[in-house]
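The values are calculated or read from the model by the stated rules, or taken from the named source; none is laboratory data. Since the structure is predicted, the reported quantities are computational estimates derived from the model, not experimental observations. Don't worry about glycine lacking a Cβ; one is built from the backbone with ideal geometry, like all the others, and counts go over all protein chains shown. Surface areas here come from the heavy atoms of the whole protein model, side chains and all, with no ligands, DNA or RNA. Shrake-Rupley method; radii C 1.70, N 1.55, O 1.52, S 1.80 Å.
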Amino acid sequence: EEGWPVSGTVSAGIDFGAKLVVHEATADAGMTADLLLQLRAAPVAPETRRPWHLVYCVDISGSMEGEKMEFTRQALKRSLQHLKAGDHVSLVTFSDQSAKVLDFEAFPSARIDAAINALAATNSTNMIAGLNDAYAIAQQHQSAEFLSRVVLFGDGDANVGDTDVAHFASLTRNGNQEGIYLSS
């Protein structure tokens, strides 16, 4: 419920917000600004929506040790509360390398809970490997029947493999063209 300097209604049940955040000039760059936009709509009742395929891409690198990993487990479990029978979950983890833990597991499933509970932090952060595997799974199971999303959980500190943020952004654009969106 963040306040927005500019807000209004796009159409019945859809509200928008906008604000401009100006950044001071630095030695490397002049003054810059970000334009933030938000759209809000009423939630769709689970019984009326089409099935989801959520591909969780989870950072299990050493920097996620302790409180961050516990928060990630709690967030994953909370997200499961929004699923319904017929939805599917995939889980990819990444540290030095990526691992496909679950592939298109039907919800509900004890395997999903067990995989979340088993998450443990170790090694470095090869985020691009995790995102590549997550998108591969999403594309493999893509169909008009499912709403597909890749959901990235991590602290954003990629330090192994391709660490170029611009490359990560290109993944999301390609995904948008293919109907597979990224949330992080």
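Condition test on Asp103, is it more than 17 Å from the chain's Cα centre (by Cα) and open to solvent by 40 Å² or more (accessible area, probe 1.4 Å)? Spell out the reasoning first.
Working: more than 17 Å from the chain's Cα centre (by Cα): no; open to solvent by 40 Å² or more (accessible area, probe 1.4 Å): yes.
In short, no.
Which residues, taken from the range 28-51, are modelled with pLDDT under 95 and either part of a loop (DSSP other than H, G, I, E, B) or among the aromatic types (Phe, Trp, Tyr) (or both)? Within the range 28-51, Asp28, Ala29, Gly30, Met31, Ala42, Pro43, Val44, Ala45, Arg49, Arg50 qualify. Among the residues of the range 125-156, the ones that are over 19 Å from Phe71 (Cα atoms), out of contact with any Ser or Thr (no Cβ under 6 Å at 6 or more places or on another chain) and in a loop (DSSP other than H, G, I, E, B) come to 6 in all.
Here Thr32 passes the criteria (1) exposed (fewer than 10 other Cβ atoms within 10 Å of the Cβ); (2) free of Cβ contacts under 8 Å to residues at least 12 places away in the same chain except the one numbered (1).
Scanning the range 35-74 for residues that are without any contact (Cβ under 8 Å) to a residue 40 or more places away in the chain, of a type in the set (D, E, K, R) and touching a Phe, Trp or Tyr at 6+ places or on another chain (Cβ under 8 Å) gives a single hit, Arg40.
Only one residue in Asp59, Asp15 is at pLDDT 90 or above, surrounded by 16 or more Cβ atoms within 10 Å (Cβ to Cβ) and acidic (Asp, Glu). Which one? Let's see the steps before the verdict.
On the way: Asp15 fails: surrounded by 16 or more Cβ atoms within 10 Å (Cβ to Cβ).
Answer to the check: Asp59.
Go through the range 83-97 and report how many residues are in a loop (DSSP other than H, G, I, E, B) and either touching a strand residue (DSSP E or B) at 6+ places or on another chain (Cβ under 9 Å) or open to solvent by less than 10 Å² (accessible area, probe 1.4 Å) (or both). I'd like the intermediate steps shown before the answer.
Within the range 83-97, the first condition is being in a loop (DSSP other than H, G, I, E, B), and the residues that meet it are 83-87, 95-97.
Okay, now just the ones that are also either touching a strand residue (DSSP E or B) at 6+ places or on another chain (Cβ under 9 Å) or open to solvent by less than 10 Å² (accessible area, probe 1.4 Å) (or both), so 83-87, 95.
Number of matching residues: 6.
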